[in-house]
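Colleague: Got a structure for you, written out below as structure tokens; questions coming shortly.
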Amino acid sequence: MKTWGSTVSLFILCKKETAMVCSLSLPTVSVISAASIRAEPVSFYLPSGNFEEMFHLDQLGGALTVENPLDYESKKEFSLLIEARDSGSPPFSSFLEIHINITDVNDNFPQFTQAEYRCEVYENSPPSGVCDVLALDADSPNYSTVWYNITEGNNDEFFTLDPENGLVSTIVSLDRESIPFFNLTVEAAEPDNPLHTDQATVIISVLDRNDNAPRFSQIHLAEVSENAPIGHTVLQITSTDDDVDSNAVINYYIPDQNQDLPFDIESTTGCIFIRRSLDREAQDHYVLKVNANDSAWSVSTDVSIFVLDFNDNRPVFSSNLYSVAIPETKHLEIFVLQVFATDTDIEQNSEIVYVVEPPNELFWVDASSGDVFSKQPLLLHNSTFEIYNFTIVAFDCGSIPLHSNTTVTVRLEQLNLHPPKFLPSPALVSIPYDLLVGTEVAKFTATDLDVNSEVFYLMFGHGKNFGFDIDPLSGEIYTSRSLRDQGNSKVILKVLAKNSGVIHGTDIAETSVNINVIETNDAPLFTSSWYVADVKEDTPTGTSVLTVSALDQDSALDWDRFIFRIVDGNTNSSFSIDPLNGIVLVNSDLDRERWPVYNLTVTATDHGSPPATGTTNVIVNIVDVNDNAPQLVTNKIQVKENQPEGTIVARLNAFDIDLPPNQGPFTFWLSNLSAESTFFLTPDGVLLTRRVVDREHVSEYRLLVVVKDAGFPLPLSSTTTLHIRVDDENDNPP
């Protein structure tokens, strides 16, 4: 053993870190020995370096043991000063410095830097990196290697995780409208100890692109009273957009305002309101075309608005003054004349009731027909004539009735000697029920032997209720309204002739005619004047597109069964129709790029005699599918030689005859890897040089360029040989 001032020996020991130390058997680091020729025994001490009392030195035996657990990550080495002291008086000591290196054991788990990672990616983007995850292992490099993988949330395999660098990437383009966000569980594990793991959550939000047009989900019909005030909201139309935020902000407008429509629309709410007064009698039905626009798309729909009647029109008499001359009579009741009023309103607002106002003791009026009759015998007393005036009021049947009035003047005269006589006329007339209003169906002629031989004709009874009337001067019977609701029927019309002179009430002529109304074959009417359907261009033949249907007003048996045909617009015989049930079917392969819209003319022919035919139009819009690969716009470009590395050679463009979203954004890459030593192509089509090109070495390059569209669900790609000509520079001496 050395004395106090002697040289100190140095030992370097290695010891593994320990998680715990057993008090009954302490791990031995080393056994220190020393000898003294002066005074044995030698005692051992640790005067310095034993921080936190990690080690214990046996005072008598010199055994250096581990007292407390070692942690490589906290302290990787210790320098202990050991004192050996003899038993002399005074004692002599010698010192020894020992360096202890702690060796690592794999006692730490990987730890993610964050428990939750949040990242974003735009929908329809080509496959690319989304975000990085990072896990650290506090052990030494031998034990700190970490491998990554996705354990949950990737059922559809939309994502991949680089096992070495922790980059989360998309494998396919995403669709926010299908899945707006993903919740992935990622794991970091040690390759040599799979039990050493940690997990973190990766929340990936899919950001919206404006790839969806607004759409209307219903047919818009509305009714509004013609007395509705300006500013009144008629209806609110709504449309939906599968996009979100600013991409789903929809504005509405009516593009046909140059037609001076009485309606307008609030652009943000879709509320259609009245902007000027309505008048049903002027126009009772409007069809508005309304556009719905977002920032990229525009769609339209038709809005039908029916104007309801309001009782805003008074009855109007055909004359302000009715005058008639009648002979004196002993009969209690005779027909005097008819007053007639019309009302341009409809339904109950146009129904008219006639009354004598104030009531008259001599005359009364039929409330529904306007026929005026006497109440008692009318006789002259010591005079050749008498004049009677009274007022008839016409009320409509509105909730708040309106009325107007006329004056009736009756001249009571002495008897006329000769009544009129009818000339022979047909007793039976057959007419079709589809005659136009105002068509003559029969004519009566009567003569009068009196000096004043002018004859007036009247129709009495219920003839007018069946749609007929008579000209009072000519005797022509004509249709006063449509006879379609008569069907096959027989009508007896009674006609009266009276002259302009005064005759007895019985001295008039009466006749009648039987009208036989015959039903004719009406053409079928389709339930819609036009039909619209959307069909994908890859729809297989035999698929049903839509069904057309027709109705027939005829009541004859079997006249309401039809044969359907496509008679026009069926290019390439692309569609067929079931002749019996009207189902339109795909008949041959469709191609939107060749024929995007079909306007089919469809007929329905009944079994009448002769057959009648109705017509409608079927508009078939062919919907695009991703069936065309994109193509490069050009396959020839040039670059000057000697350009520095990174020079942009060209920005490649592509076209795709499909429609969005089956077009771009396009993704470009090179398929011949040998070309990548000279050129580099970015995914968005920028072609750059990787090194300087020399025309004298290579005058032309041929690159295989692949371009892929963003079609869904499967994008398409094409490969084109791109010819790059190297242009010469004067870089070589003679």
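Quick note: the coordinates plus some simple rules give every number you see, no bench work behind them. All values reported here derive from a predicted model rather than from experimental measurement. Ideal geometry is used to build each Cβ from the backbone, glycine not excepted, and the neighbour counts take in all protein chains shown.
Colleague: What spacing in nm lies between the two simple spin-label points modelled at Leu195 and Val244, each 7 Å away from Cα in the Cβ direction?
Modeller: If labels sit at Leu195 and Val244, their model points lie 4.3 nm apart.
Colleague: Under a point spin-label approximation (7 Å from Cα along Cα-to-Cβ), what is the Val356-Ser33 distance to one decimal in nm?
Modeller: 15.8
Colleague: Residue by residue through region 682-691, which ³J(HN,Hα) values in whole Hz follow from phi under the Karplus form 6.51 cos²θ - 1.76 cosθ + 1.60 (θ = phi - 60°), with glycine and proline marked x?
Modeller: Each residue of region 682-691 in turn: 6, x, 8, x, 8, 9, 10, 8, 8, 8 Hz.
Colleague: Relative contact order, percent, of the chain when contacts are C-alpha pairs under 8 Å separated by at least 6 residues?
Modeller: RCO, the chain: 6 percent.
Colleague: Also, quick follow-up: Name the lysines eligible as straight-distance cross-link partners of Lys464: C-alpha to C-alpha under 26 Å, and not fewer than 8 places from it in the same chain.
Modeller: Reachable lysines: Lys375, Lys421, Lys443, Lys490, Lys494, Lys498.
Colleague: Okay, next question. Straight-line reach from Lys289: which aspartates and glutamates fall under 17 Å, measuring Cα to Cα and dropping same-chain residues less than 8 apart?
Modeller: Excluding near neighbours in sequence, the set is Glu223, Asp256, Asp260, Asp264, Glu266, Asp302.
Colleague: Which of the lysines could be linked to Lys76 by a straight reach, that is with a Cα gap under 28 Å, when you skip same-chain ones fewer than 8 residues away?
Modeller: Straight-distance partners of Lys76: Lys15, Lys16.
Colleague: Nearest-5 percent of antiparallel DSSP beta bridges in the chain?
Modeller: The answer is about 80 percent antiparallel.
Colleague: Looking at region 35-106, which trypsin sites (Lys or Arg not before Pro) are in a loop (DSSP not H, G, I, E or B) and have at most 16 other Cβ atoms within 10 Å?
Modeller: Sparse-neighbourhood loop trypsin sites (Lys or Arg not before Pro): Arg38, Lys75, Lys76.
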